[in-house]
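Undergrad: Take this structure first; my questions come after.
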Amino acid sequence: MGAFSVVTAPEETCPHCGSRIRRGVQFKYGALWANRYAVGDPVEWGVGDAGEPARLVQVMGDPEPCPVCGDEPEWVYDIVVRDGVIVSVERGTSDPYVGSDDYVVVLEQ
Ligand SMILES: [Zn+2]
């Protein structure tokens, strides 16, 4: 039972070991009881919810270590949730989230 959920990012190359990997990305939006998501899954609600449902939301995600070498990258991920469904997980920066609650930015109510 963690206070965050995890979504599996699309395949990428680890900058440290060069392996093709699919890492987990931790985030806080929706129910917070260690849900495991893939792109295309609807966000679940009902337990320790973070944020509120909206039409278009961008959530900052923290990368989990490379499953091959354990390297922890310094970048963050942008998780886009449209109409309650995770539509993309891509590398981003923390800039859009400065001052936001729980690193969630509502783009469309
Ligand atoms: Zn690696």
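The values are calculated or read from the model by the stated rules, or taken from the named source; none is laboratory data. Predicted, not measured: the structure shown is a model, and the values here were computed from it. All Cβ positions, glycine included, derive from the backbone under ideal geometry; neighbour counts span all protein chains shown. Surface areas here come from the heavy atoms of the whole protein model, side chains and all, with no ligands, DNA or RNA. Shrake-Rupley method; radii C 1.70, N 1.55, O 1.52, S 1.80 Å.
Undergrad: Looking at segment 7-31 only, could you name the residues that are open to solvent by 10 Å² or more (accessible area, probe 1.4 Å) and either within 13 Å of the ligand (Cβ to nearest atom) or assigned to a loop (DSSP other than H, G, I, E, B) (or both)?
TA: P10, E11, E12, T13, P15, H16, C17, G18, S19, R20, R22, K28
Undergrad: For segment 9-33, give me the residue count where each residue is in contact with a Gly (Cβ under 8 Å, 6 or more places away or on another chain) and closer than 18 Å to M60 by Cβ.
TA: 9
Undergrad: Which residues, taken from segment 4-52, are in contact (Cβ under 8 Å) with a residue 24 or more places away in the chain and at positive phi?
TA: G30, A34, G40, G48, G51
Undergrad: Could you list, in sequence order, the residues of segment 66-109 that are of a type outside the set (A, V, I, L, M), in contact with a Gly (Cβ under 9 Å, 6 or more places away or on another chain) and within 21 Å of Y37 (Cα to Cα)?
TA: P67, W75, Y77, D78, G84, G92, D102, Y103
Undergrad: Considering (1) in contact (Cβ under 8 Å) with a residue 24 or more places away in the chain; (2) surrounded by 13 or more Cβ atoms within 10 Å (Cβ to Cβ), say which one V76 fails and leave the rest.
TA: With respect to (1) in contact (Cβ under 8 Å) with a residue 24 or more places away in the chain; (2) surrounded by 13 or more Cβ atoms within 10 Å (Cβ to Cβ), V76 is out only on (1).
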